[in-house]
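What follows is a set of notes on a single structure, which appears directly below.
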Amino acid sequence: MTLDAVLTRIDDDLPLALDRLMTFLRIPSISTDPAYAAECARAADWLAEDLRGIGFDAAPRTTPGHPMVMGKGGESGPRVLFYGHYDVQPVDPLDLWDRDPFDPAIEDTPKGKVIRARGACDDKGQLMTFVEACRAWKAVHGTLPARITMFFEGEEESGSPSLVPFLQENRTELDADIALICDTGLFGEDRPAIVTMLRGLLGEEVTVTGPSKDLHSGMFGGPAMNPIRALARAIAALHDDSGRVTVPGFYDGVPELPETVAQQWRDLGFDAGQFLGEVGLSTPAGEADRTALEMIWSRPTCEVNGIQGGYTGAGFKTVLPSQASAKISFRLVGDQDPLAIRESFRAMFRGMMPPDCSVEFSDHGASHASQMSIDDPAFEKARLALSDEWPKPAAFVGCGGSIPVAGHFKEILGLESMLIGFGKDDDAIHSPNEKYDLDSFHRGIRSWARILAALAD
Ligand SMILES: [Zn+2]
């Protein structure tokens, strides 16, 4: 089945694809606000009907929250699970929008045409790139190049409460060879990226207790142990002078970057000075022998996110407090075991407490990192297909934050995910005046057509 005819069809059909996206964007499917529940259902219905129009066996599926949309199409070829989400973020503050967020428009900007609306990028515009690629393929060849399961969520922007149970209950139906997730961005302006590593997260709150009540530092200062001093000493010991985390066993399961990926990262031309300069900094503060990009994507971290104790109001008070506390988080990579690190961290802290100080811990979540095994040939096929479409060759990249759905696909469905998206840093997702570049939408559709062809090959 030839690809060229499909690409031509995509180019010719672009005005109609835009009309469909505009219709979709007019539905205010804000998932977090119960007032919009009917609109979320309407968006799910619209999507299911659109999929049926391309020959998918598709329907909304009820959950305790907003519906999922599932659709099956294609008779032969690799089995692909495609994920996107039809819900959007709230639009407040509305007065910062230059237009009604649910009255989409094509606008001319100095950098080209953009689609302006809530959800234009995140994630309606992005998910429609894949739907449109399937539509063009079906129109040209009468069939699809793969056996495709469409899977659209309506609660991504409100914590995905129904996702895990739904995946567990529908494991068989969702079974596939590979998952494709379209909810991420390009690297810079014109280089496509496949996210293959997502950091996990461990959150801990520590409370150190010293004296049984707050004391006067004139009366007790000296003999009485100050819990802020004990806490500060333990926190200061979490990193050594080379920026490494000192929690015993912390680096167990941290993999080294394969040389092919390391080279791709060097070729990205990432400018650490500019990256830090934008936030008023100049010198990378992580592990001394690592690049800034490694620090964000492929190395674990420990950060103190908050610290309190004693008197912090206006003026001054010579208090020697009873308690001091801190919130501490760890970004995890590779096969690091969050629970083992929690235990090791707690033991280290306990061991550092001086006489008369006790420490208590409360946990704020623990999730593994997701590391895709790019040995699966599908990854390199997709990378080459993307490189054919965009000005710069595609790269396997990391993501410093977390995208939980990829982890759930791996743990529950046993699937590797390719996270491929066409958003840009200035798309203002979650903010007023969200946009999606028309060029991203167009090339995004063409990219998926190329990737499907490559996967089927
Ligand atoms: Zn999203």
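The values are calculated or read from the model by the stated rules, or taken from the named source; none is laboratory data. Since we're looking at a predicted model, the values are computed, not measured. Note that we place each Cβ from the backbone using ideal geometry, even for glycine, and neighbour counts take in every protein chain shown. Keep in mind that these areas ignore ligands, DNA and RNA; they rest on the heavy atoms of the full protein, side chains included. Shrake-Rupley method; radii C 1.70, N 1.55, O 1.52, S 1.80 Å.
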(message) Being of a type in the set (G, A, S) and either over 21 Å from F250 (Cα atoms) or open to solvent by 40 Å² or more (accessible area, probe 1.4 Å) (or both) narrows it down to one residue among S344, S370, S387; which is it?
(response) S387
(request) Determine, yes or no, whether R244 is touching a residue at least 24 places away in the same chain (Cβ under 8 Å), over 13 Å from A324 (Cβ atoms) and open to solvent by 60 Å² or more (accessible area, probe 1.4 Å). (result) yes
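Yes/no matrix, rows are residues, columns are (1) open to solvent by less than 20 Å² (accessible area, probe 1.4 Å); (2) aliphatic (A, V, I, L, M); (3) in contact with a Ser or Thr (Cβ under 9 Å, 6 or more places away or on another chain):
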{"position": "D12", "(1), (2), (3)": "no, no, no"}
{"position": "L25", "(1), (2), (3)": "yes, yes, no"}
{"position": "S31", "(1), (2), (3)": "yes, no, yes"}
{"position": "C40", "(1), (2), (3)": "yes, no, yes"}
{"position": "E49", "(1), (2), (3)": "no, no, no"}
{"position": "R52", "(1), (2), (3)": "no, no, no"}
(request) Search the range 20-34 for residues that are closer than 26 Å to G159 by Cβ and pair each with any residue that is polar (S, T, N, Q) and open to solvent by 20 Å² or more (accessible area, probe 1.4 Å) when their beta-carbon atoms are under 8 Å apart and the residues are at least 6 apart or on different chains. (result) I30/Q89; S31/S158; T32/Q89; T32/S158
(request) Mind telling me which of the residues E157, E169 ends up being away from the ligand (no atom under 16 Å from the Cβ) and farther than 27 Å from I374 by Cα? (result) E169
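Listed residues D214, D190; which is modelled with pLDDT of 95 or more and away from the ligand (no atom under 16 Å from the Cβ)?
Testing whether each residue is modelled with pLDDT of 95 or more and away from the ligand (no atom under 16 Å from the Cβ) leaves just D214.
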(request) Check the range 29-36 and report whether any residue there is small (G, A, S), within 16 Å of V88 (Cβ to Cβ) and assigned to a helix (DSSP H, G or I). (result) yes
(request) Taking only the range 172-187 into account, find how many residues are among the aliphatic types (A, V, I, L, M) and away from the ligand (no atom under 16 Å from the Cβ). (result) 3
(message) Within the range 89-181, considering only strands (runs of 3 or more DSSP E) that don't extend past its boundaries, which have at least 3 residues that are in contact with a Phe, Trp or Tyr (Cβ under 6 Å, 6 or more places away or on another chain) and either on the phi < 0 side of the Ramachandran plot or open to solvent by 30 Å² or more (accessible area, probe 1.4 Å) (or both)?
(response) 147-153, 178-181
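Could you say which residue among S358, S344, S325 is out of contact with any His (no Cβ under 8 Å at 6 or more places or on another chain) and more than 29 Å from G218 (Cα to Cα)?
Values: S358 fails: more than 29 Å from G218 (Cα to Cα); S325 fails: more than 29 Å from G218 (Cα to Cα).
Sole residue among the options that is out of contact with any His (no Cβ under 8 Å at 6 or more places or on another chain) and more than 29 Å from G218 (Cα to Cα): S344.
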(request) Within the range 291-321, track down each residue that is in a loop (DSSP other than H, G, I, E, B), open to solvent by 20 Å² or more (accessible area, probe 1.4 Å) and either without any contact (Cβ under 8 Å) to a residue 12 or more places away in the chain or of a type in the set (G, A, S) (or both). (result) G310, Y311, T312, G313, A314, G315, F316, K317
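Results for (1) over 19 Å from the mean Cα position of the chain (by Cα); (2) of a type in the set (A, V, I, L, M), shown as yes or no for each residue.
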| position | (1), (2) |
| --- | --- |
| T291 | yes, no |
| E294 | no, no |
| G306 | yes, no |
| V319 | yes, yes |
| S325 | yes, no |
| F330 | no, no |
| D335 | no, no |
(request) State yes or no: is V195 within 16 Å of the ligand (Cβ to nearest atom) and part of a strand (DSSP E or B)? (result) yes
(request) Just name the residue that is surrounded by the most Cβ atoms within 10 Å (Cβ to Cβ) out of those in the range 409-440 that are within 15 Å of the ligand (Cβ to nearest atom) and of a type in the set (V, I, T). (result) I420
(message) Take residues that are out of contact with any strand residue (DSSP E or B) (no Cβ under 8 Å at 6 or more places or on another chain) and more than 26 Å from I115 (Cα to Cα) and tell me which of the helices (runs of 4 or more DSSP H) falling wholly in the range 330-442 contain 2 or more.
(response) 338-351, 377-389
(request) Find the residue count for the range 66-88, including only residues that are more than 16 Å from the ligand (Cβ to nearest atom) and either assigned to a strand (DSSP E or B) or crowded, with 21+ Cβ neighbours inside 10 Å (or both). (result) 9
(request) Output the residue which, of all residues in the range 105-151 that are within 16 Å of the ligand (Cβ to nearest atom) and among the charged types (D, E, K, R), is nearest to D425 (Cα to Cα). (result) D122
(message) If G53 satisfies all but one of (1) closer than 20 Å to Q126 by Cβ; (2) touching a strand residue (DSSP E or B) at 6+ places or on another chain (Cβ under 8 Å), what's the number of the condition it fails?
(response) (2)
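Out of curiosity, is D252 in a loop (DSSP other than H, G, I, E, B) and either open to solvent by less than 70 Å² (accessible area, probe 1.4 Å) or in contact with an Asp or Glu (Cβ under 8 Å, 6 or more places away or on another chain) (or both)?
Values: in a loop (DSSP other than H, G, I, E, B): yes; either open to solvent by less than 70 Å² (accessible area, probe 1.4 Å) or in contact with an Asp or Glu (Cβ under 8 Å, 6 or more places away or on another chain) (or both): yes.
In short, yes.
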